[in-house]
Amino acid sequence: MIQVSGNEYISLANISENDGAIKYITVLNMHHRGMLQLEGDNFISPQIKINNKIINLNNKLKWFRLKYWIPQAVYENEQYKIKIIYLAPNNQKAIALRIVVENKSEDILEVETSFILNWLKTYHVVNESYEIKSEIIEKESNWNHGYVYNQLNKLPLISLSTMKSDNIKKISQNESMFYDYYLGVGYEEVSSSTAAKHLKRIGFDTLIGGTLNFLEEKLIKLEDKYIEKILNNNLFFAYYYSLGKTLDSEELVLVTSRSPRYYVSAAYWDRDSLLWSFYSILLLDEVLSKDILIYVFTKQIKNVGEHSRFIDGTLLEPGFELDELCAPVIALNSYVEKTNDYSILEDFRIKDGLIHILNKLKTKKHNEIYLFKTFLMPSDDFTNEQYLTYNNALVYKSLIILSHFLNLKELKDDAIKVKRAIYENLVVDDMFVYSSDLNGNFSIYDEPPGSLQLLNYLGFCDNDSIIWKNTVNFIRSKNYRLSFYDNNISEIGCDHAPHPWVLSLCNSLLCGFGKQAIENLKKMKMDNYIACESVDEESGECSSGKAFATCAGFLAYCINNYYTNKNVNNL
C-alpha cells in the first residue's frame, strides 16, 4: 500500500506505508510538455536513531490522513512514540517533513533524526516513462546553508535543495521534540534553495496550521464517516492530481493524473477533465473552475475532441471522440448554472471556442440521418459502429446549450432532430443499442466511461421511460455478460477492462441505484480507497488503472450528489 499527498507544484505520488520512504516525486513541466519523475531506490527516507540504534520502521507504521490529505505515520512502543508528517503546503515549490519523538520512558533518550536523499534517476513521463540521462551534481548551497542537487542537460533541467531545523538530541521523560526538514524544487539552484528557505522562515507550525484550515474549509461532511472518508480522500486527490501548475512556467494545466502509477498519466483528455473531475473542482473552488475553462478554451481548444493531447494542447494521440467534443460545452454550462457567472460567455475566447466546437460537430453528421459519428468510443477503443447512443445524447444536450449560449434558436430544433433520430435508429426491441453503423449492424453493450445508464441524468429521457428502463435492467441483469450480477461487486465492466468499473459505480449513484452503489463502495478497497479504473469483482481491490485522478473527482462528486439528493429516485 502507498500514501499520497502533494500541492499544485509537487506530487508525493508514492509514499511507502511499509517504511515511510518517499519513493519518488513528480512535477509538471510545460517546456517538456509533461511530467518529470525524480526517484531513487528510496528517494527520501526517514532515519531515526535512539540511543545510537537505528529504529527499524519496516511494517511497523500505522497511517492516518490529517483532514483526509496530510499523511502521518506513527510508530509506538513502551519507551517512545514516533510520528512522521508529510506536508505539501499550497502554492509552494517545496515540501516540509516533520519527525516528532515523544519520550514515554523514565530515561533520557539520545535522539538523532534525518531524511536521507537518494536521487538517482529522472524520468520524463507522458503515458510512457523515459529516463533523462544526464549528471546530477551535489554541492553546498550559497543561498540556504544547506545542500543543492542540480541536474543539467546542457542547460539546467531541475534542482532540489534541502534544509533542516536544529537537531535537538536529548529528550527527557514525558517530553517530545520535533525535527523539521524542507525540500525545495526549482529550475536551478537559486530557485530551489530559496523555496526551501522560504518554508523554513514561515515555520512548520504555521504551514501545517494554514493547510489544515484550508482542508477543513473544503472537506465535505457526512453522517456516514466511512463514506465521508472515501469521499474526501478522492475529493482532495482529484483537486491535487487531476490538475496542477507547471514548475517552469507556473501555468495551470489539466491531466488524467499526476501520478505515474496511472497508465496514461500527465496528458489531457477533454472527457476525463471536463465530464468527470470538473464537477468536484466546481464543488470546491468556483474561481479555479473558471480558470480551468479558460485553459480549455485557449490551450486545448485547437484540437478539441481529439483523443488526447499534451498539456500545451498539441496532439498526443489522434482519433476523434464525439463525447470529448461535447465535454467543454457541458462543463461550461455546469459552471454557469452553479455560479450564475454569465460574464464568461462574453469572453471572446469562449465564444470563438464554442463556434469552433459547433463547426467541428457539423462535419461529423451523417449525410442523411441526424446522428453524429465518432471514431473512438468513450473507452478510447476503436469502433466500426460509429453512431453511439450515449454520444448522441451528449450532442442533444450540447445543441440545447449552444442554442442558448450562442443565441441560435435553430440549434434547439437540431437537438430535437437528434433525439428523434436516436429513437428511430438506435432502439431495437424496446431497448437502446449502444452503437450502430446505421446499415443494420448494432451492439447491445455498455461502457462505464459513457454509459446508457446516464441518459436520464443527462436529461435525454425521464425516469419513467420504458425504453431506458428496459436498457438499464438488461445491462444490470445476469443475462448481460459484463454485469457481474452474481459477484460480490455487482457493477458493470466493459471489454477495455473486463471487471467492475468505479465509473460504473458513479453511474449507479447518479441514475437511481444509489443504495446498491453505496453497498458496493463499502466493499471496494480500490487503490488504498482512492479511485482506480476497475476492481476485482470479488475482493474489490484494484484490477486496473491505479491513481485515476479524474475518476476520483467524479466519484467524490457522485457520492456527494447521492447524499445531497438521497430522497430522490434512489432504488
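Computed from label points 7 Å out along Cα-Cβ, the spacing between Q79 and K229 is 3.1 nm. Each Cα pair under 8 Å and six or more residues apart adds its separation to the average, and for segment 225-564 the resulting relative contact order is 18 percent. Fully extending the segment from I294 to V428, taken as 0.36 nm per residue of separation minus the present Cα-Cα distance, adds 44.1 nm.
I137: net charge of surrounding residues, Cβ under 14 Å, Lys/Arg +1, Asp/Glu -1, itself excluded?
Values: positive: K139, K154; negative: E135, E138, E140, E188, E189.
Net charge in that neighbourhood comes out at -3.
Over segment 225-564, the fraction of Cα-Cα pairs per 20 Å bin, rounded to whole percents and listed from the shortest bin up, is 33, 61, 6.
By definition, a body whose alpha carbon gyration tensor gives a ≥ b ≥ c is rounded when a/c is under 1.5, and segment 232-310 falls into this rounded group. Shown is the FRET efficiency for K338 and N51, computed with R0 = 51 Å from the Cβ-Cβ distance and rounded to the nearest 0.05: 0.30.
Just check segment 475-571 against the gyration tensor rule for me: Cα atoms, a ≥ b ≥ c as the square roots of the eigenvalues, rounded for a/c under 1.5, and otherwise prolate or oblate depending on whether a/b exceeds b/c. Could you put the intermediate results ahead of the total?
Details: a/c = 1.78, a/b = 1.14, b/c = 1.57.
Cα axes put segment 475-571 in the oblate bin.
Taking other residues whose beta carbon is less than 13 angstrom from the beta carbon of E410, and scoring Lys, Arg as +1 and Asp, Glu as -1, yields +2. Between E251 and L315, the contour length at 0.36 nm per residue exceeds the alpha carbon distance by 21.2 nm.
Take the Cβ atoms of L120 and K469, set R0 to 51 Å, and the FRET efficiency comes out at 0.35.
Which GluC sites (Glu not before Pro) from segment 116-184 combine a DSSP loop assignment with at most 10 other Cβ atoms within 10 Å? Counting only loop positions with at most 10 other Cβ atoms within 10 Å, the GluC sites (Glu not before Pro) in segment 116-184 are E135. Site pair V287 and S539 shows an inter-label distance of 4.5 nm when each label is modelled 7 Å from Cα along Cα→Cβ. Other residues whose C-beta falls under 10 angstrom from the C-beta of F460 contribute a net charge of +1, scoring Lys and Arg +1 and Asp and Glu -1. Helical content alone sets the calculated 222 nm signal of the chain at -9500 deg cm²/dmol, taking -39,500 (n - 2.57) per DSSP H segment of four or more residues and averaging over every residue. Counting every other Cβ atom within 10 Å of each residue's Cβ, H198, H31, H307 order from fewest to most as H31, H198, H307. Using Cβ point charges alone (K and R +1, D and E -1), the dipole size of the chain about the Cα centre works out to roughly 680 debye. Under the shape rule built on the C-alpha gyration tensor, where the axes satisfy a ≥ b ≥ c, segment 116-230 is oblate, since a/c reaches at least 1.5 while a/b does not exceed b/c. Between segment 435-455 and segment 527-561, the alpha-carbon centres lie 23 Å apart.
Of the residues I95, P71, N127, the one whose Cα sits farthest towards the positive end of the charge dipole of segment 2-218 is N127 (charges of +1 on Lys and Arg Cβ, -1 on Asp and Glu Cβ, taken about the Cα centre). A Förster radius of 41 Å, combined with the Cβ-Cβ distance separating I137 from L458, puts the computed FRET efficiency at roughly 0.15.
Cys residues of the chain that find no other Cys beta carbon under 4.7 Å: C326, C461, C494, C511, C551. Using 0.36 nm per residue and subtracting the Cα-Cα separation, the extra length available between K351 and Y485 on full extension is 43.7 nm.
Given the pairs K83/K229; K93/K169; K360/K469; K290/K360, which span a C-alpha to C-alpha distance of over 26 angstrom in this model? Intermediate values should be presented prior to the final figure.
On the way: K83/K229 21 Å; K93/K169 30 Å; K360/K469 33 Å; K290/K360 24 Å.
Where the Cα-Cα span goes over 26 Å, the pairs concerned are K93/K169; K360/K469.
Applying both filters, DSSP loop and at most 15 other Cβ atoms within 10 Å, to the GluC sites (Glu not before Pro) of segment 313-410 gives E368.
Throughout, read-outs are computed from the coordinates displayed, never taken from laboratory work. These figures come from a predicted structure and were not determined experimentally. Note that each Cβ is placed from the backbone with ideal geometry, even for glycine, and that neighbours are counted across all protein chains shown.
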